[in-house]
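The block underneath contains the structure these notes are about, expressed in structure tokens.
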């Protein structure tokens, strides 16, 4: 006899359903001589029973054979069910239906309970959905997830689709662009004591046969500047802070030497230990970025004994813990979920040899710094002297550099590639002067000219993202959106639709601005300019990757974006782009136009080197005194641009002429 534990009432076997005009389903499910409960099924679409149910032993049977809740479950508010007997939903003591457990339902998937012996359940009453072919949580792991109660957030039950295992899918890549060879002309500066010699080809990297094959299958022909210098630095065991433009191959620069060393040491994933102790931990600020890094690690580790695993929010914790328990050498994760699995005792840090921060400037800013300090202070985590710490980003403000020094050895190397803190010169940057209420029409006109070419539209707020996406869809422009309030399933579906071309326009907040590598993004539109220039650099870096060309169009509203004008002029000048006269006028007019130079927003070089120059400036850099006089003489605001060019030239001459060992001695002590 079936027993449903809910509120302790016992009535005869009946089924009651009430459907309101809004599609909200309310009802009670009762069994003969059993206990019943009530729940609200959410805003179902096309919901309701397609057939009646009757209790027959341990099975639910439908008069139509395929009954159940066929509507699309909305935000379920039912209390769920907790079964105590064995049935088709509970085949043994170690398997339960995840949507049960008496918890408050989240956003339901399509359907609900399905009869006919389907294992598990799909959506309905519990949020998310689980296919009938997927394995069911064990009771032990289900208990480890905190039971949600009324008034608390619903338990996350989403499980991502299984990744394809065929080589064609794993090694899919897009071709390098016509400007890829320009990477050879990019200036590179490595500061710090005794940097190792750069490599010129992947053959010089000392990779094992397995890695050489995966590199070749991935379409890598020759290393980019950050790879030429980063790979030997990491292989030499040095801590590294690397700053390179977006789309320049930073991920491969740290993955290849890490995997090479792990394979050389003979590490192998093992599923025999409940506590997994990875040798490398990689952290990134967004779910999409860390999943992208994981896919790259999975690609390079294909066919080897090294096993990468990824953990991030919005996905069932139990599912990710099971993945970890199967073996983990390289653990990729977002800060919150990493701390969660460590706190649950599923991951130990005592064997960590590599600690990698991607988009490191944001990992040490934007509220992530406390999590980072908690992570490096977790029990068992080796001290910075006993691990190798690697940081990568496209922008490094000087205050972030000083903060990052707390995580690095004192003799770390700073790798600066190209115009540090600058935008990629392969991206054509265009600015359109608009008013707040003319942006929508300007955007629509622009998208009509781009046709079906992939375009990312960046806005400032989550509400604005949904509003613009809806507006464009109404105007017959296939559009999807991604932001922090969308569920993980929806975010992944939006990216999939964008990658496949089903929706060629993606409206996004800054959640997609960091590191996402989406093939063939031809256009980036800044519908709302960000409030800082670093974010602008990351946004437009979604196009013009791997030597391909791209176009970035930004709507400039003088009423709200004026404070960004000077920094934009600097970015355009460094990228050798045309500066609109009206933007230049806005940059050097009004209060504060003679303030701090915008280049201080970026770490254009190693901050330790800047400190060394300041220390010796009075003795060996008399040209710096001349600059003060020149700045005073050049009172014309337009001429200040020429002064900055003169400033850079004199500084470069001073560095080249007077670079002597005392700089490194002063910086590294």
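The values are calculated or read from the model by the stated rules, or taken from the named source; none is laboratory data. Small disclaimer: the values here were computed from a predicted structure and weren't measured. No Cβ is skipped: glycine too gets one built from the backbone with ideal geometry, and neighbour counts run over all protein chains shown.
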Check: Which numbered condition trips up residue 415, out of (1) buried (at least 20 other Cβ atoms within 10 Å of the Cβ); (2) within 22 Å of the chain's Cα centre (by Cα)?
Finding: (2)
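The rows are residues; the columns are (1) assigned to a strand (DSSP E or B); (2) closer than 30 Å to residue 311 by Cβ; (3) touching a residue at least 12 places away in the same chain (Cβ under 8 Å).
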position	(1), (2), (3)
484	no, yes, yes
497	no, yes, yes
502	no, yes, yes
507	yes, yes, yes
524	yes, yes, yes
531	no, no, yes
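Within region 538-563, restricting attention to residues that are assigned to a helix (DSSP H, G or I) and crowded, with 23+ Cβ neighbours inside 10 Å, which residue is modelled with the lowest pLDDT?
Taking region 538-563 as the starting set, the residues that turn out to be assigned to a helix (DSSP H, G or I) are 538-540, 558-563.
If we keep only those that are crowded, with 23+ Cβ neighbours inside 10 Å too, we end up with 538-540.
On the way: 538: 83, 539: 89, 540: 88.
Selected residue: 538.
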Next item on the list: Please work out which residue is farthest from residue 606 (Cα to Cα), limiting yourself to region 190-201 and to residues that are without any contact (Cβ under 8 Å) to a residue 40 or more places away in the chain and touching a helix residue (DSSP H, G or I) at 6+ places or on another chain (Cβ under 7 Å).
Entry: 200
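Quick one: which of 557, 520, 528, 561 is in the same structural domain as residue 445 (by TED's automatic domain parsing), out of contact with any helix residue (DSSP H, G or I) (no Cβ under 6 Å at 6 or more places or on another chain) and more than 24 Å from residue 362 (Cβ to Cβ)?
Details: 557 fails: out of contact with any helix residue (DSSP H, G or I) (no Cβ under 6 Å at 6 or more places or on another chain); 528 fails: more than 24 Å from residue 362 (Cβ to Cβ); 561 fails: more than 24 Å from residue 362 (Cβ to Cβ).
Every option except 520 fails the conditions.
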Check: Is it the case that some residue within region 334-350 is assigned to a strand (DSSP E or B), buried (at least 20 other Cβ atoms within 10 Å of the Cβ) and touching a residue at least 40 places away in the same chain (Cβ under 8 Å)?
Finding: yes
Item checked: Qualifying positions in region 370-400 - in a helix (DSSP H, G or I), surrounded by 16 or more Cβ atoms within 10 Å (Cβ to Cβ) and at pLDDT below 90 -> 398, 400
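Residues are listed down the side, and each one gets a yes or a no for (1) surrounded by 14 or more Cβ atoms within 10 Å (Cβ to Cβ); (2) at pLDDT 95 or above:
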residue	(1), (2)
186	yes, no
193	yes, no
198	yes, yes
216	no, no
222	yes, no
229	yes, yes
235	yes, yes
240	yes, yes
243	yes, no
